[in-house]
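These notes are about the structure you will find just below.
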């Protein structure tokens, strides 16, 4: 038993701890820093994508991506005075999550943010990690449709 606690073994254990603890701590902090930066980078890229898509579509009130963690990227952003609800509690989110192979649409309703009559079209992401969708302003959509010129032998397909 005395051999187990001799000076040589004590020094080996002490130097091992002195070398391992900082290495483990450095690795742990590096991993979490990289994870946070990657998460921020992905959120920024997703936000830029929703902004670009919204800019191309005039009839959309909102374009959004809602994650399973309750994070919601929306373009345009909600005004600061409005509360941000958890998207997982919304009917369109629940319907889309339960319909993995097809897009869903809601009945027309009054938007809580704009007061316009809208419908939501949403689809679950392939990996089930959230929902992507749009709120379509029915007034803007009807104006777009009324401007479409359809010939005698043509038809409009949606």
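The values are calculated or read from the model by the stated rules, or taken from the named source; none is laboratory data. None of these values were measured; they are calculated from a predicted model. Note: ideal-geometry Cβ built from the backbone for every residue, glycine included; neighbour counts use all protein chains shown.
Residue 128: modelled with pLDDT of 85 or more, touching a helix residue (DSSP H, G or I) at 6+ places or on another chain (Cβ under 8 Å), loosely packed, with under 14 Cβ neighbours inside 10 Å and not in a strand (DSSP E or B), yes or no? Yes: the conditions hold for residue 128.
Among the residues of region 30-66, those identified as within 23 Å of residue 95 (Cα to Cα) and either in contact with a helix residue (DSSP H, G or I) (Cβ under 6 Å, 6 or more places away or on another chain) or at pLDDT 75 or above (or both) are 59, 60, 61, 62, 63, 64, 65, 66. Among residues that are surrounded by 10 or more Cβ atoms within 10 Å (Cβ to Cβ), in contact with a strand residue (DSSP E or B) (Cβ under 7 Å, 6 or more places away or on another chain), farther than 20 Å from residue 66 by Cα and assigned by TED's automatic domain parsing to the domain that holds residue 75, residue 123 is not included. Residue check: is residue 95 farther than 29 Å from residue 40 by Cβ and modelled with pLDDT of 85 or more? In short, yes.
Give the residue that is nearest to residue 66 (Cα to Cα), with candidates limited to residues of region 1-29 that are modelled with pLDDT of 75 or more and either in contact with a helix residue (DSSP H, G or I) (Cβ under 7 Å, 6 or more places away or on another chain) or outside any helix (DSSP H, G or I) (or both). Result: 5.
State whether one or more residues within region 76-91 are assigned to a loop (DSSP other than H, G, I, E, B), modelled with pLDDT of 85 or more and over 24 Å from residue 139 (Cα atoms). No, there is no match, as no residue in region 76-91 is assigned to a loop (DSSP other than H, G, I, E, B), modelled with pLDDT of 85 or more and over 24 Å from residue 139 (Cα atoms).
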